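Down below is the structure, laid out as structure tokens.
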Amino acid sequence: MRDRYTRCMYFTRIAVPFNAILALARIILGVFSLSFILFIQALFNIGIALAKHTAVRTHVMAPMSEAEQQAVQLKSYQSIGWMIVFSSGTFILLCSVLTFSNTEIKYDPHIAVIIATVTFTELVLSIQGIVNARKDKKLIMEAVKLTNFSSALVSLAMTQAALLSFTYEGNVVGYNMISGLIFGSLSVFIGLYMILKKRLA
């Protein structure tokens, strides 16, 4: 493909149905396994899918003047910020419910290691993508990469929960709550930054 932006939007378009299917799968698994944590992950996946769909929809809009294009892209950028704030806020709220209900999370060690590997890979790639988007001055590409970074932050909380579930013998609910608040809040701040982009520019 011709450039980073084109490649980014191509893979983002593919990622939208993937995130939606992943959310549906987690909801179904959550029903059968009565796993509240899967519902939390599913809700966040839905928010991420909507954010990426907004980016793709903006990318494929009919050609317009440069000024109109910048205005539309900024509006989409801010809308994606709101989606991240809402999804991350929901994640924090549900993590709090999970903590107060004293529900422990259990993962198979092999699954936990896979989750950790995917999460750290996503984190590194999203940071690299943000740098490239700023360098190329592509607002929608930056929105996608910030969405990925937000997703990776939330995944870090889930990764810690997965790893502690078999490496720590005590009650890890409190630790999971702290990491959920920290990484969820960082994700919220990313969304707020995007919402305030016009004022910060």
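For the subset of region 46-85 comprising residues that are farther than 14 Å from I140 by Cα and in contact (Cβ under 8 Å) with a residue 60 or more places away in the chain, which member is surrounded by the fewest Cβ atoms within 10 Å (Cβ to Cβ)?
Looking at the filtered set, the residue picked out is W82.
Does F36 satisfy being at pLDDT 75 or above and either within 27 Å of I140 (Cα to Cα) or surrounded by 13 or more Cβ atoms within 10 Å (Cβ to Cβ) (or both)?
Against the criterion (at pLDDT 75 or above and either within 27 Å of I140 (Cα to Cα) or surrounded by 13 or more Cβ atoms within 10 Å (Cβ to Cβ) (or both)), F36 does not qualify.
A quick yes/no check of all residues on (1) under 13 Å from the mean Cα position of the chain (by Cα); (2) modelled with pLDDT of 80 or more; (3) farther than 24 Å from H53 by Cα:
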{"residue": "V131", "(1), (2), (3)": "no, yes, no"}
{"residue": "D136", "(1), (2), (3)": "no, no, no"}
{"residue": "L139", "(1), (2), (3)": "no, yes, no"}
{"residue": "V144", "(1), (2), (3)": "yes, yes, no"}
{"residue": "F149", "(1), (2), (3)": "yes, yes, no"}
{"residue": "G184", "(1), (2), (3)": "yes, yes, no"}
{"residue": "M194", "(1), (2), (3)": "no, yes, no"}
{"residue": "K197", "(1), (2), (3)": "no, yes, no"}
{"residue": "L200", "(1), (2), (3)": "no, no, yes"}
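Does A49 meet the test of being among the hydrophobic types (A, V, I, L, M, F, W, C), assigned to a helix (DSSP H, G or I) and modelled with pLDDT of 80 or more?
Yes: the conditions hold for A49.
Determine, yes or no, whether V124 is over 21 Å from G89 (Cβ atoms), part of a helix (DSSP H, G or I) and either in contact (Cβ under 8 Å) with a residue 24 or more places away in the chain or out of contact with any strand residue (DSSP E or B) (no Cβ under 6 Å at 6 or more places or on another chain) (or both).
yes
I'd like the full set of residues that are out of contact with any Gly (no Cβ under 8 Å at 6 or more places or on another chain), part of a helix (DSSP H, G or I) and surrounded by 16 or more Cβ atoms within 10 Å (Cβ to Cβ), limited to region 133-142.
Matches in region 133-142: A133, L139, I140, E142.
Inside region 116-129, can you point out the residues that are within 15 Å of R7 (Cβ to Cβ) and surrounded by 17 or more Cβ atoms within 10 Å (Cβ to Cβ)?
Passing the criteria: S126, G129.
Pick from region 151-168 the residues that are farther than 16 Å from A15 by Cα and under 14 Å from the mean Cα position of the chain (by Cα): which of them is surrounded by the most Cβ atoms within 10 Å (Cβ to Cβ)?
V154
Is it the case, given these coordinates, that R57 is modelled with pLDDT of 75 or more and either not in a helix (DSSP H, G or I) or not aromatic (F, W, Y) (or both)?
yes
The values are calculated or read from the model by the stated rules, or taken from the named source; none is laboratory data. No experiment lies behind these values; they were computed from the predicted model shown. Glycine gets a Cβ as well: all are built from the backbone with ideal geometry, and neighbour counts include every protein chain shown.
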